[in-house]
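The next block holds one structure in the form of structure tokens; read it before the comments.
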Amino acid sequence: MRLPVTPGSYEPGSMARGGKKQGLPAVPRVDAGRCTQCLACWIFCPDSAVVVSDSAVGVVLEHCKGCGICATECPEGAIRMEEVSGHA
Amino acid sequence: MPEKLSLTGNQAAAEAARLARVELFPAFPITPSYPVMTSVIRMIEDGRLEARFIRVESDHSALAAAVGGSLAGARTFSTTNSQGLAMMHEVLHYASGLRLPIVMAVVNRALSAPHNRFADQGDAIAQETTGWLQLFCESNQEVLDTVLQAFKIAEDGRVLLPAMVNYDGYILGDTPQEVDLPDPARVDGFLGSYNRAVLDVEHPASLNPPTGPGLYTEFKFQQHAAMRWALEAVEEVSAQYGRLFGRDWDGAMEGYRADDADVLLVAMGSMVAVGRRAVDGLRAAGHRVGLLKVRCFRPFPQEELVRRAREAKALAVVDRNVVYGLGGALYREVMMSLAASGVAIPVVDAIAGLGGRDVTAGDLESLAHRALELAAAGKPGGEVMWLKLNDDIVGEEALPWIGLR
């Protein structure tokens with residue numbers, strides 16, 4: 001990978017493909033069994049990366065920047081931040 | 001057809017912006033750079049320049065608008081000075097970090113406090129680590145030529161950095177001189193059009209993303225490398241401009257009667273013109289004194305300075321700025337360059353012309369005489385003097401430091 005001249009993410013999905021390369025520490029994982037669909041995560045997510053289906057909430061990693069606000073705000077403890085393996 | 005006009009430095013900067021066909025001009029008025037703004041606006045109103053002027057509520061916003069326009073691919077120009085430049089400080093880093101070739105006329109004026117509106121290069125020196133190229137001009141013709149060159153250098157694919165074109169407020173800014181306007185078609189041929197839209201609706205991007213310890217250093221190194229390329233681009237563009245328009249300003253540094261000199265004055269900005277007269281006077285009196293004119297302060301032409309100073313017996317630096325507790329910024333660059341190359345000669349620095357105080361050829365002759373004394377003594381090292389400091393009115397608590405080297 002070579003860096004661009006102007007710092008920027010020029011393609012979506014960089015989080016899902018390589019959190020390590022982007023310098024991002026962790027991605028959210030949702031435990032569907034504990035999720036009550038209260039949608040606190042949906043409200044708090046600053047990048048609208050949380051999507052809601054009939055069964056459970058999910059996170060679109062293309063839009064997620066790994067801030068962890070969802071995991072902090074979830075009242076059920078259903079979201080944990082999983083470290084991207086190998087991140088320095 | 002070439003055209004000669006009587007133009008102030010501010011008008012010359014505006015004419016250069018017109019010849020460069022700038023597309024975007026966000027600016028906020030401040031003395032003494034506001035005539036650049038009014039001149040460019042009049043050109044847009046008259047239809048002589050097809051550009052968008054953005055009226056903003058502050059200098060900070062002016063540069064923010066410039067950043068947005070440059071990201072969208074517009075050739076972007078602005079102007080400011082002193083407090084306005086200081087207010088832009090935060091955004092200066094965005095412009096360089098995002099690698100945007102914005103060109104700005106900086107009409108050097110003293111910073112408050114105390115309030116002062118006159119010529120002083122401390123405003124530019126305070127921004128020396130913002131990643132902008134900093135070019136300094138001696139005459140209004142050089143202002144026009146340097147604005148055109150600055151676009152060419154800044155837009156060079158190896159460089160892609162913003163550039164400040166500096167000239168002293170009032171002394172050049174508001175004083176008319178004869179300026180030769182190059183032929184617009186030839187300027188078009190020299191400059192070409194700017195075509196680097198980072199923002200593209202077909203290819204959306206998230207710019208200036210949070211960048212952690214894993215990548216920040218690499219982006220900063222890229223800026224450092226671009227600055228190194230800039231020094232090469234300054235020389236190439238200056239030579240190319242000279243071939244096309246008959247005026248070669250000698251790239252990053254010019255020598256005046258410097259080749260066989262025992263003592264070299266080192267100066268930048270309008271002070272260089274005074275230095276030339278001092279050199280002529282000293283030569284007429286039989287002293288081998290020359291001058292080095294620093295056109296490019298950032299990046300600093302360290303190797304060229306050492307090459308030109310190697311044969312001299314002493315240097316006399318003139319600084320229209322002060323790095324408190326140390327001396328002048330130009331003095332610091334000179335001392336560092338010499339030390340890095342193992343050149344051991346005496347250097348005297350004069351803090352001179354702060355806040356618009358007049359500096360005459362006689363003043364610089366006396367400075368050169370001090371350097372000749374040091375050359376005769378042959379003892380390497382540096383000393384800083386405050387030219388024409390009035391000892392009689394300096395406060396009691398500062399008195400113990402007068403005359404200490």
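A short reminder: the numbers here are calculations on the coordinates, not readings from a lab. Being a predicted model, the structure only gives us computed values, none of them experimental. Reconstructed Cβ throughout: ideal geometry from the backbone, glycine too, with neighbour counts over all protein chains shown.
Could you tell me which of the pairs B:LYS152/B:LYS388; B:LYS293/B:LYS379; A:LYS65/B:LYS220; B:LYS4/B:LYS293; B:LYS220/B:LYS379; B:LYS152/B:LYS293 are separated by over 30 angstrom between their Cα atoms in the structure shown?
Among B:LYS152/B:LYS388; B:LYS293/B:LYS379; A:LYS65/B:LYS220; B:LYS4/B:LYS293; B:LYS220/B:LYS379; B:LYS152/B:LYS293, the Cα-Cα distance tops 30 Å for B:LYS152/B:LYS388; B:LYS220/B:LYS379.
Using a Gaussian network model on chain B with a 10 Å cutoff between Cα atoms, which of B:ALA261, B:ALA13, B:ALA72 fluctuates the most?
Result for chain B, Cα springs under 10 Å: B:ALA72 fluctuates most.
Translational diffusion coefficient of the protein assembly as shown at 25 °C, 0.890 mPa s, Stokes-Einstein with Kirkwood Rh over Cα pairs, in µm²/s as a whole number.
It diffuses with D of about 98 µm²/s by this estimate.
For region B:78-140 and region B:257-309, what is the separation of their C-alpha centers, rounded to whole Å?
Taking the Cα centre of region B:257-309 as reference, the centre of region B:78-140 is 24 Å away.
State the cysteines of the protein assembly as shown left without a partner when partners are defined as other cysteines whose beta carbon lies under 4.7 Å away.
Those would be A:CYS35, A:CYS38, A:CYS45, A:CYS64, A:CYS67, A:CYS74, B:CYS137, B:CYS296, since no other cysteine Cβ in the protein assembly as shown comes under 4.7 Å of theirs.
Taking beta carbons within 10 Å but only from partner chains, what does the mean come to for residues B:94-106?
1
Mind sorting B:TYR34, A:TYR10 by how few other Cβ atoms lie within 10 Å of their own Cβ, fewest first?
In order of increasing Cβ crowding within 10 Å: A:TYR10, B:TYR34.
When only C-alpha pairs under 8 Å and at least 6 residues apart count, what is the relative contact order of chain B, in percent?
Relative contact order of chain B: 15 percent.
Using modelled amide H (1.01 Å from N, peptide plane; none on Pro or chain starts), what sits under 5 Å from the amide H of B:ASP349, excluding residues fewer than 5 places away?
B:VAL317, B:GLU383, B:VAL384, B:MET385
Just rank B:LEU389, B:LEU135, B:LEU92, fewest to most, by other beta-carbon atoms within 10 angstrom.
B:LEU389, B:LEU92, B:LEU135
Of B:LEU387, B:LEU85, B:LEU100, which has the largest mean-square fluctuation in a 10 Å C-alpha GNM of chain B?
B:LEU387
Indicate the helices, whole DSSP H runs only, in chain B that combine a mean Kyte-Doolittle hydropathy of -1.0 or more with a Cα extent along their long axis of 27 angstrom or more.
Helices meeting the criterion: B:216-245.
Amide H neighbours of B:ASN166 under 5 Å, counting only residues 5+ apart in sequence or on other chains, H built in-plane at 1.01 Å?
Sorted by chain and number, the residues that satisfy this are B:VAL106, B:LEU135, B:PHE136, B:CYS137.
Based on alpha-carbon centroids, what's the gap between region B:1-66 and region B:335-397 in Å, whole number please?
38
How about B:LYS313: which aspartates and glutamates have a C-alpha closer than 14 Å to its C-alpha, ignoring those fewer than 8 places off in the same chain?
Within the straight-line limit of under 14 Å, B:LYS313 reaches these aspartates and glutamates: B:ASP259, B:ASP260, B:ASP262, B:GLU373.
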